[in-house]
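Here's the structure we're looking at; comments come further down.
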Amino acid sequence: ARWRGVCPALPPTLEPSGVVTLEDVRAMTSPSLLANTSRAELFAQGALIKALNGSRPGLAAVDVFESEPPLAGQPLLRMENVVCTPHIGFVEKSSYEAMFSGAFRNILAYVAGEPVKVVNPDALERRA
């Protein structure tokens, strides 16, 4: 069976470098869509661009690039069969409130002399 759409992902604990090869991407049919919202490193370098130039897959949607932010000459940004968006899928009000309120609580605790979630307690002792 041929896939019409694929969105590859790996857990952050695994090394993703080049897991998806040019041959893997070219195995997709022409009308299919490849969406990469995980990590650009999943793909062998240049594999997605080469495959898209050959219309296999036919379309791609990406929000991750080999360099972040993407460089002005990034080929994916100029391709008509690719939709590119910034990698900010987590950006919404409740995520920001949770992330920043926790950060500010940690800063206030540190300033009050009661640091929390200290990864390297020896650094605090050397500071004294």
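Values quoted throughout were computed directly from the atomic coordinates according to the rules given, and no laboratory measurement underlies them. Please read these numbers as outputs of a predicted model, since none were measured by experiment. Using ideal geometry, Cβ is built from the backbone for each residue, glycine included, and neighbour counts are taken over all protein chains shown.
At-a-glance table
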item	result
Along the chain, longest interval not containing exposed trypsin sites (Lys or Arg not before Pro), exposed being DSSP loop plus at most 13 other Cβ atoms within 10 Å	5-116
5 angstrom amide H check on residue 20, placed H, neighbours 5+ away	43, 44
Overall dimensions of the stretch 1-126 by Cα: Rg and Dmax, Å	20.2, 62
Karplus (6.51, -1.76, 1.60) ³J(HN,Hα), θ = phi - 60°, over the stretch 63-73, in Hz, Gly and Pro reported as x	9, 10, 9, 4, 10, 10, x, x, 6, 4, x
Backbone HN-Hα couplings from phi across the stretch 31-38 [Karplus 6.51/-1.76/1.60, Hz, Gly and Pro as x]	x, 7, 10, 10, 10, 10, 10, 9
C-alpha long axis of helix 93-111 to longest principal axis of the chain, angle in °	30 degrees
